[in-house]
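Undergrad: If you scroll down you'll find the structure; I have some questions about it.
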Amino acid sequence: MSVKDIEDSLSLQVCRKQTLVIDRGEGVHVWDVSGQAYLDFTAGWGVTCLGHSHPVIVNAIRDQSARIIQNPNSGFTYSPARAALLLELKKVLPPGLERMFFANSGAEANDAALKLARKITGRSKVISMTGAFHGRTLATLSVSGGSQNAERYLPRVPGQAFCQHNSIEGIDDVIDSTVAAVIIELVQGEGGVRPLDKAYVKHLRDLCDRHQCVLIIDEVQTGFCRTGRFFATNAYEVAPDIMTMGKGIAGGLPFAAMAMTARLADAVELGDHGGTYCGNPLSCAVAAQVIRYLNENRIEDKVEKLGIVAMQDLLRLRDRFPDTIKDVRVLGLMMAIELNHDHQVWPLTEFCQQRGMLVTPTKNAVVRLLPSLLLTQEEWREGVSRLESALSMLAVTRVAVVSPGGLR
Ligand SMILES: Cc1ncc(COP(=O)(O)O)c(C=O)c1O
């Protein structure tokens, strides 16, 4: 395809802003149409956990697509691919989560969780945290904070309330027996890699038990080894009633899931929820292979170790660039560099790009690093060196205050 064809096609998009045209990827690298290589520390927004075009994924797509891609679901037909995925998930899910529903995106899985909470409790009020991000459907936007997304589409779904992220004060007054569900990210992703305290989550669990409301843990971004645990939930010793998953689950194919306790699942009747592509055999086959690979190769341990190295390197950069970097936060390979000013985010992103590295611009003055979980120490060192060079460029440049169009 010619460059002109690509440029002409841009006018057919709803939003035209697109600078980099990625043509292919392999491992932690992607190449643009001119052949320029980039170290990819976005992993397609935290999705391609095994890197790009990993043979495990390529082979699973090839084998399954040659057999069958789609068959009717909702209890009408079943597939060996779905069976294989359920059995792989059973090996890795936190205890107590015994039943599964499949979806196509994180937002869709969260939407299903909110629906189920309504059905179980007969209530509709949902509590979420300031700074949360749970998706872009109307229901999930309603429980997401931040002016850039949710507040463009007011009013929210009625009966929604926010708690101050990680602040125990006043929470006992907000969570009462009118609440259907509390939905949380154990580590806020779009909110800037902000973990919840263990005691806080334990208190939320106690409140949910006391008032018989559903605790939903959104592991869409944190799941599948991203934080150095298979699920972030494993580090919290708190059992959710529902856990949602997405992003890394199928290494790049659009896929998501909702796991729940048997008690909740028993209340679901055939036809309560569904979707044409939910649990399609192609995505199930790929997800099963991705999960098996992550589990059998103990990728969570490798991620945890590399995360410790990463923290040391990022702290060093913080000490070297105190006028630019305010804070760094690292959990496994989920990393945030918090800058002193929001308007530094885009220039740093662009300087990284000029140095051959893609990073994830985020709200609240944060740049996130979300590389493939198979990143090696050498690739990490190369990334740090490019980042350091980009930070040096930022330090000597008087940055204009730009509005970050298209920022997620
Ligand atoms: C924690 C969390 N939940 C839900 C979502 C929405 O997932 P999706 O974009 O697949 O709908 C995201 C996406 O970034 C997320 O980070």
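Undergrad: Take the residues in the stretch 95-111 that are farther than 20 Å from A232 by Cβ and part of a helix (DSSP H, G or I); name whichever of them is farthest from the ligand (Cβ to nearest atom).
TA: So, considering only residues that are farther than 20 Å from A232 by Cβ and part of a helix (DSSP H, G or I), the one farthest from the ligand (Cβ to nearest atom) is D111.
Undergrad: Right, another one. Against the definition (within 16 Å of the ligand (Cβ to nearest atom) and either in contact (Cβ under 8 Å) with a residue 24 or more places away in the chain or touching a Pro at 6+ places or on another chain (Cβ under 6 Å) (or both)), how does R229 come out, yes or no?
TA: yes
Undergrad: Let me confirm something: among R194, R205, R263, R226, which residue is within 30 Å of I57 (Cβ to Cβ) and of a type in the set (D, E, K, R)?
TA: The conditions single out R226.
Undergrad: Shifting gears a bit: Could you look through the stretch 362-400, keep only residues that are at pLDDT below 95, farther than 24 Å from I249 by Cβ and in contact with an Asp or Glu (Cβ under 9 Å, 6 or more places away or on another chain), and pick out the one that is surrounded by the most Cβ atoms within 10 Å (Cβ to Cβ)?
TA: This residue is K363.
Undergrad: If you check every pair at least six apart or on different chains, which have Cβ atoms under 7 Å apart with a residue in the stretch 21-39 that is free of Cβ contacts under 8 Å to residues at least 60 places away in the same chain and aromatic (F, W, Y) first and a residue that is part of a strand (DSSP E or B) and exposed (fewer than 15 other Cβ atoms within 10 Å of the Cβ) second?
TA: Cβ pairs passing all conditions: W31/D23; W31/R24; W31/A37.
Undergrad: For the stretch 279-323, how many residues are over 22 Å from L374 (Cβ atoms), at pLDDT 95 or above and surrounded by fewer than 21 Cβ atoms within 10 Å (Cβ to Cβ)?
TA: Here the count works out to 8.
Undergrad: Looking at the stretch 1-10 only, could you name the residues that are aliphatic (A, V, I, L, M) and part of a loop (DSSP other than H, G, I, E, B)?
TA: Matches in the stretch 1-10: M1 only.
Undergrad: On to the next question. Could you tell me whether any residue of the stretch 73-82 is polar (S, T, N, Q), within 16 Å of the ligand (Cβ to nearest atom) and in a loop (DSSP other than H, G, I, E, B)?
TA: Looking through the stretch 73-82, none of the residues is polar (S, T, N, Q), within 16 Å of the ligand (Cβ to nearest atom) and in a loop (DSSP other than H, G, I, E, B).
Undergrad: Now a separate question. Within the stretch 247-274, how many residues turn out to be surrounded by 24 or more Cβ atoms within 10 Å (Cβ to Cβ) and either on the phi > 0 side of the Ramachandran plot or more than 16 Å from the ligand (Cβ to nearest atom) (or both)?
TA: 3
Undergrad: Kindly indicate whether A43 is in the same structural domain as T362 (by TED's automatic domain parsing) and more than 23 Å from the chain's Cα centre (by Cα).
TA: So A43 does not fit the description; no.
Undergrad: While we're on this one: Looking at (1) within 16 Å of the ligand (Cβ to nearest atom); (2) within 30 Å of V157 (Cα to Cα); (3) in contact (Cβ under 8 Å) with a residue 24 or more places away in the chain, which is the only condition L138 fails?
TA: So the condition that L138 fails would be (3).
Undergrad: For the stretch 211-226, what are the residues that are part of a loop (DSSP other than H, G, I, E, B) and either within 16 Å of the ligand (Cβ to nearest atom) or buried (at least 22 other Cβ atoms within 10 Å of the Cβ) (or both)?
TA: C213, E219, V220, Q221, T222, G223, F224, C225, R226, listed by residue number.
Undergrad: Still on this model: For the stretch 121-201, please list each of the strands (runs of 3 or more DSSP E) lying entirely inside it that holds at least 1 residues being crowded, with 21+ Cβ neighbours inside 10 Å and aliphatic (A, V, I, L, M).
TA: Fully inside the stretch 121-201 and qualifying: 125-129, 179-184.
Undergrad: Can you tell me which residue in the stretch 228-246 is surrounded by the fewest Cβ atoms within 10 Å (Cβ to Cβ), limited to those that are small (G, A, S) and over 16 Å from N280 (Cβ atoms)?
TA: Selected residue: A239.
Undergrad: Another question about this same structure. Filter the stretch 109-120 down to residues that are surrounded by 24 or more Cβ atoms within 10 Å (Cβ to Cβ) and of a type outside the set (A, V, I, L, M, F, W, C), then give me how many there are.
TA: 1
The values are calculated or read from the model by the stated rules, or taken from the named source; none is laboratory data. Owing to the predicted nature of the structure, the values given are computational and were not obtained by experimental measurement. Methodologically, a virtual Cβ is constructed for each residue, glycine included, from the backbone with ideal geometry; neighbour enumeration extends over all protein chains shown.
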